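Take a look at the structure below.
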Amino acid sequence: MNASTRTGLILLGLLSVGDMAGLALTDGEHPPYAVAAVGAALGVGSLYFVAKAWQGSRAALRPLFALRIVSALTAVPAFFVNDVPTAALAAAAAIVVLTAVSVFLVGRATAAKPVTA
């Protein structure tokens, strides 16, 4: 595993842990409990696939990317809802950007490898 893949997986793992912590840290409004609960579930699933990918499973990457992208999409409404605190907007922006960077880092490194049987 190269440094790019390691960095991307570490970032994806940290984002997953952040999703799980979101359920305990929410005030019920930003994000709403339902969004935090969905985020926590996505975080648990993502962390499982991060662990599998860290062990070398390329098959874990597609579901990992899908879960992390869905998680990032749950942050997007913060940009369109009124009265969202600045800190929550900054967190939403960071989640979206870090997800994109992480998926790029891992995807770029693994796309260059030939598939072996």
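Below is a table of values for the structure above.
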| quantity | calculated |
| --- | --- |
| Helix 61-73 axis, angle to the chain major axis (alpha carbon atoms, nearest 10°) | 20 degrees |
| Unit charges on C-beta of K, R, D, E only; dipole of the chain, Debye | 780 debye |
| P(r) histogram, all alpha-carbon pairs of the chain included - 5 Å bins from 0, percent | 2, 12, 23, 23, 16, 11, 7, 4, 2, 1, 0 |
| Gain on full stretching of the segment that runs from Ala111 to Asn2 - 0.36 nm per residue minus C-alpha separation | 38.0 nm |
| Helix 3-25 vs. the chain, principal-axis angle (Cα, 0 to 90°, nearest 10) | 30 degrees |
| Selected from Thr99, Thr26, Thr86 as most flexible by GNM, with the chain as the system and alpha-carbon contacts under 10 Å | Thr86 |
| For the chain, calculated [θ]222 nm from helices alone, where every DSSP H run of n ≥ 4 adds -39500 (n - 2.57) | -25000 deg cm²/dmol |
| Gaussian network model of the chain, springs between alpha carbon atoms under 10 Å - residue of Leu11, Leu67, Leu25 with greatest fluctuation | Leu25 |
| Highest-fluctuation residue, Phe104, Phe65, Phe49 considered, GNM on the chain with Cα pairs under 10 Å | Phe104 |
| Given charges at Cβ of Lys, Arg, Asp, Glu: the chain dipole, positive-most of Gly56, Gly18, Ala37 | Gly56 |
| Cα-based helix-to-principal-axis angle, 86-111 vs the chain, degrees rounded to 10 | 10 degrees |
| Packing rank of 42-48, 3-9, where each peptide gets the mean count of other beta carbons within 10 Å, highest leading | 42-48, 3-9 |
| Net charge of neighbours whose Cβ lies under 15 Å from the Cβ of Pro31, counting Lys and Arg as +1 and Asp and Glu as -1 | -4 |
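Every number in this text was worked out from the coordinates using simple rules, so none of it is lab data. Since the model is a prediction, treat every value here as computed from it, not as a measurement. So basically every Cβ, Gly included, is an ideal-geometry build from the backbone, and we count neighbours across all protein chains shown.
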